[in-house]
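The values are calculated or read from the model by the stated rules, or taken from the named source; none is laboratory data. For clarity, every value in this text was computed on a predicted model and none was experimentally measured. Every residue, glycine among them, receives a Cβ derived from its backbone with ideal geometry; neighbour counts consider all protein chains shown. For the accessible areas, the whole protein counts, side chains as well, though only heavy atoms, and no ligand, DNA or RNA atoms are used. Shrake-Rupley method; radii C 1.70, N 1.55, O 1.52, S 1.80 Å.
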Amino acid sequence: MEVLHLSTKEFNDVVNQNETVVVDFWASWCGPCRMFSQILEEFANKTSNVVVAKVNVDEEPDLAARFGVSSIPTVLVFKGGKAVKKSVGVISVSDLEELVR
């Protein structure tokens, strides 16, 4: 499945219209974020029942503030429109799989 790039405008629709959504908060200047991007792509390609998305914190600072993102990369898992889990830092594909369970 393709990784979506979300703006504030699309964010609520995507999170509210899908059962499980994984959102990576990142920035282009962040080295760990670039490394995690490859892991996120691999996870998205392996997973068909989860929507995977990214939010650039430099372009969407209000979304980052709304969810208390102060370090990146930060992954939030949304279920039924609500943030239910959070992970900060680079994690593996298997850790992502465990996070969405």
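In table form, for the structure just shown:
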| quantity | calculated |
| --- | --- |
| Charge dipole (debye, nearest 20) of the range 9-78; +1 at Cβ of Lys and Arg, -1 at Cβ of Asp and Glu | 160 |
| Protection proxy ranking of 81-94, 38-51 - average other beta-carbon atoms within 10 Å, highest first | 38-51, 81-94 |
| Probe 1.4 Å, protein heavy atoms only - accessible area per residue of the chain in square angstrom | 53 |
| Share of alpha-carbon pairs per 5 Å distance bin for the chain, given as whole % | 2, 14, 28, 29, 20, 7, 0 |
| Integer Hz, Karplus 6.51/-1.76/1.60 couplings in order for the range 77-92, x for Gly and Pro | 10, 10, 10, x, x, 10, 6, 10, 9, 9, 9, 10, x, 6, 10, 7 |
